[in-house]
Amino acid sequence: MKIVVIGSGKGGVGKSTISVSLALLFKMLGFKVGLIDADIYGPSLKGMLSPDILPREEEGLLVPASSKGIQVISAAYFSKFDKGAPVRAPLINGIIEQFISGVKWDNRDLIIIDLPPGTGDIHLTILQKMSITGAIAITTPQKIATLDVEKAIYLFQNMKVPVLGIIENMSFYQDPLTGEKHRVFGEGGGREIAKKFNIPLLGEVPLDPLLMETLDQGGGAKFSLSGEVLWKIAIEISSKLCDHEEELKILEVKKTGLHHVEIQCGGKKGQYRFSDLQERCPCARCLEKDVPTDPNVSVRNIEILGNYAVQFHFTSGCSQGLYTWLVLNDI
Ligand code: ADP
């Protein structure tokens with residue numbers, strides 16, 4: 001099981017937003033995802049991802065809540081923090097211990113931990129006691145946020161946690177009519193930090209009103225302006241998380257007839273029918289509800305994205321899904 005922490009140093013930069021967004025995207029990429037809201041004093045994930053199944057206690061362990069197929073634990077589920085919460089709260093410093101070793105996860109591949117702002121005790125406990133695969137730092141473009149995120153990166157480095165990269169959030173607002181980018185909060189903060197610490201700038205996420213609204217309503221994350229860059233970030237991180245990166249690479253995609261395609265990933269080669277691929281479309285809309293597919297569907301075009309995903313532009317129906325090795329392996 002891989003564990004990724006998401007930290008920022010400063011509150012309000014979109015750490016929880018990015019954590020939930022990436023959790024949903026990783027799920028679409030085929031990972032079984034768990035999400036820990038480690039912000040004990042200001043838990044927000046429960047509000048962003050309304051639970052389909054509430055958490056419960058079982059033999060002294062906490063069985064996480066579930067929302068859109070993602071398992072979630074948050075202090076918001078403890079009765080001291082939320083009047084409607086179903087689980088009694090252990091003592092405050094017992095909560096993090098419970099999150100670390102008292103959760104009954106259901107066979108997860110990846111746990112994402114949304115760290116609290118700052119660099120305090122909770123961070124130290126998590127970084128010391130859990131075997132963290134990597135850390136992602138979040139900043140906004142302006143100087144005041146970058147100063148704080150530097151402290152978080154120093155902490156990760158001191159604790160020998162590999163920093164997978166930095167994401168600059170709320171980088172710009174793009175006018176949907178003219179396409180013009182407005183750098184509302186200044187420019188270049190993420191790039192400067194990436195250079196200073198020699199870590200990758202994973203992406204610049206634009207302001208996305210749809211993302212803000214859907215999270216505010218507890219509906220998970222729906223993407224419009226931010227979708228493309230968040231997908232790219234999720235694909236890049238998923239390749240870093242894989243033990244056998246070579247296996248993940250899509251080496252060759254060859255259309256072998258009107259209805260079939262041959263795909264080679266790593267050492268394996270597979271034949272797929274386009275209708276089967278479309279039926280298992282991993283995009284958010286198709287995962288949420290059954291979208292009818294045409295058994296004779298073909299493709300207009302096939303695109304390989306960054307070596308790790310294929311997008312089929314089908315002749316009819318949905319073409320939004322990105323098919324990674326994990327998704328293809330399951331078809
Ligand atoms: P943090 O976890 O760092 O405190 P949040 O994720 O709670 O920050 O984000 C703070 C606010 O900013 C939320 O209302 C969230 O919806 C909004 N927000 C974050 N990122 C974006 C974005 N890219 N586009 C639009 N709104 C955003």
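Please give the helix 92-101 orientation as an angle from the longest Cα principal axis of the chain, in degrees from 0 to 90, rounded to the nearest 10.
The answer is roughly 30 degrees.
Sort out for me the Cα centre separation of the range 145-185 from the range 278-331, rounded to whole Å.
30 Å
Would you kindly state how much longer the chain becomes between residue 56 and residue 177 on full extension, computed as 0.36 nm times their sequence separation minus their alpha carbon distance, in nm to one decimal?
Numbers: separation 121, 0.36 × 121 = 43.56 nm, distance 4.76 nm.
Gain on stretching residue 56 to residue 177: 38.8 nm.
Using a Cα-Cα cut-off of under 17 Å, which lysines could be cross-linked to residue 151, ignoring same-chain neighbours fewer than 8 residues away?
Leaving aside lysines fewer than 8 places away in the same chain, those within reach of residue 151 are 10, 15, 143, 160, 195, 196.
Percent of alpha carbon pairs in the range 22-67 separated by more than 14 Å? Present the calculation step by step, with values, prior to reporting the outcome.
On the way: 615 of 1035 pairs.
Here the long-distance tail beyond 14 Å is 59 percent of all Cα pairs in the range 22-67.
I need to check one value: relative contact order of the chain, counting alpha carbon pairs closer than 8 Å and at least 6 residues apart, in percent.
Working: 679 pairs, mean separation 54.7, N = 331.
After rounding, I find 17 percent.
Taking the Cα-to-Cβ direction at residue 79 and at residue 97 and moving 7 Å from each Cα, how far apart do the two end points lie in nm?
2.1 nm
Can you give the accessible area per residue of the range 247-328, in Å², using a 1.4 Å probe? Provide the component values of the computation, followed by the final result.
Values: 4270 Å² over 82 residues.
Dividing the accessible area of the range 247-328 by its residue count gives 52 Å².
When the helix-only estimate is applied to the chain (DSSP H runs of n ≥ 4, each -39,500 (n - 2.57), divided by the residue count), what is the mean residue ellipticity at 222 nm, nearest 500 deg cm²/dmol?
Numbers: 12 runs with 105 residues, N = 331.
My calculation for the chain gives -9000 deg cm²/dmol from helical runs alone.
Can you quote the Å³ per residue value for the convex hull of the Cα atoms in the chain, rounded to an integer? Don't skip to the end; give the middle numbers.
Details: hull volume 46.6 nm³, N = 331.
Taking the convex hull of the Cα positions in the chain, it is 141 Å³ per residue.
For the range 124-188, report the accessible area per residue in Å² (1.4 Å probe, heavy atoms, rounded to an integer).
So the range 124-188 comes to 49 Å² accessible per residue, rounded to a whole number.
In percent, what relative contact order does the range 109-240 have, based on Cα pairs under 8 Å that are 6 or more apart in sequence?
Working: 192 pairs, mean separation 26.6, N = 132.
So the answer I get is 20 percent.
From Cα pairs below 8 angstrom and at least 6 apart in sequence, can you work out the relative contact order of the range 247-328, rounded to a whole percent? Don't jump to the answer; show the numbers that get you there.
Numbers: 152 pairs, mean separation 22.7, N = 82.
Here the relative contact order equals 28 percent.
Taking the Cβ of residue 233 as the center, what net charge do the other residues with Cβ under 12 Å away carry, scoring Lys and Arg +1 and Asp and Glu -1? Don't skip to the end; give the middle numbers.
Working: positive: 232, 240; negative: 168, 204, 228, 236.
Value of the local net charge: -2.
Tell me, what is the FRET efficiency for residue 313 and residue 256 to the nearest 0.05, using R0 = 25 angstrom and their Cβ-Cβ distance as r?
Details: r = 17 Å, r/R0 = 0.69.
Taking R0 as 25 Å, the efficiency between residue 313 and residue 256 is 0.90.
On the accessible surface of the chain, probed at 1.4 Å, how many percent belong to carbon and sulfur atoms? Walk me through the numbers on the way to the answer.
Details: 7550 of 15290 Å².
Exposed carbon and sulfur together represent 49 percent of the surface.
The values are calculated or read from the model by the stated rules, or taken from the named source; none is laboratory data. Computed from a predicted structure; not experimentally measured. Positions of Cβ are generated from backbone atoms using ideal geometry, with glycine treated the same way; all protein chains shown enter the neighbour counts. Each accessible area value is taken on the protein alone, full model and side chains, heavy atoms only, with ligands, DNA and RNA left out. Shrake-Rupley method; radii C 1.70, N 1.55, O 1.52, S 1.80 Å.
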